[in-house]
1. In debye to the nearest 20, how big a dipole does the chain give about its Cα centre with +1 on each Lys and Arg Cβ and -1 on each Asp and Glu Cβ?
2. What percentage of the solvent-accessible surface of the chain, computed with a 1.4 Å probe over protein heavy atoms, is contributed by carbon and sulfur atoms?
3. What is the magnitude of the charge dipole of the range 34-151 about its Cα centre, with +1 placed on the Cβ of each Lys and Arg, -1 on the Cβ of each Asp and Glu, and no other charges, expressed in debye to the nearest 20?
4. Mind checking Rg over Rh on the range 131-245, alpha carbons, Kirkwood formula for Rh?
5. How far apart, in nm, are two points set 7 Å out from the Cα along the Cα-to-Cβ line at N32 and at N79?
6. Can you give me the distance in nm between label points at K233 and K200, each placed 7 Å from the Cα along the Cα-to-Cβ direction?
7. Taking every Cα atom in the range 34-77, find the radius of gyration and the maximum pairwise distance Dmax, and write them in Å.
8. Find the Cα radius of gyration of the range 173-224, compare it with 2.2 N^0.38 Å by division, and give the number to two decimals.
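The values are calculated or read from the model by the stated rules, or taken from the named source; none is laboratory data. Treat the numbers as computed from the prediction; the structure is a model and nothing was measured. Ideal geometry is used to build each Cβ from the backbone, glycine not excepted, and the neighbour counts take in all protein chains shown. Surface accessibility is based on the protein's heavy atoms, side chains included, excluding ligands, DNA and RNA. Shrake-Rupley method; radii C 1.70, N 1.55, O 1.52, S 1.80 Å.
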Amino acid sequence: VEDFDATFTEFGEKGYDLVLAAGSQFDDSIANVAPYYPDTLYSAINGVISETENMCPIYPKEYEASYLAGIIAGYATENGQFATMGGSDALSMTKCLDNYDAAAIITANERGIANASAKRAYINSWTDIALTKSTTDQMIDNGADTVFCYSNEGQSGAVQSCQDKGAKFIAFAGNKNDEADCVIASAYADLTLLYPWAVKALLIDGARGYIEAGIAEGIIEVIMTDKVSDECKAAVEQASQDIASGKIKCEDYFAKAE
């Protein structure tokens, strides 16, 4: 961290066209340095600070992926009880979980499942596999039959729990479909698609300031296994089109899931 400002300054002094950083932790250093090098574009993936035109953070709309994951959960559940977990209670995480919960409950209700509900837990760790597993165990024991966990290594604990207890799991932030039989689908913002899109947007298309990218920009991936019904796959495809066109506004579901 102590080298962030100096490194960004060095790149500005050398006249780079674009400095692309991975993570919101670079926001403050970009804010410190970018105003002094207006000919260099500084961009932080998952950043949000944009005080000058050349500060161009890119926020992946992961909540669009979680909305689609919620539709899959709504089709997969048998009792309408959803377990939702996140590695932290950061605002971006909460937006993701809000959309997942809302889409899961709406879909379950549309299928005629009464009293559908989602229970949420924040693990406050991205790596604690044992804690994530024990939390998932408890949530399944309390009735959940479908689980969603947005975490890094910790997510494997949720998968283990679902495999042991016969629950279904929808993965996030990467393709986990081959990790266990309980994983029925994966939804995520694909960084291999995001970075080429970001370079084109900034250096060719001339995008400036704060930028968001999601389904409409082609960076969201949803990969479903053969355990997902054709009806569900069609619903996910239709929802993707509706989000891209603006017919579905995921922002409407922030903090509204019950």
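1. Around 660 debye, computed over the chain.
2. 47 percent
3. In debye, rounded to 20, the range 34-151 gives about 200.
4. Result: Rg/Rh = 1.07.
5. Distance between the two pseudo-spin positions: 5.2 nm.
6. Each label point lies 7 Å from its Cα, and together they span 2.6 nm.
7. 17.0, 54
8. Ratio of Rg to 2.2 N^0.38 Å for the range 173-224: 1.42.
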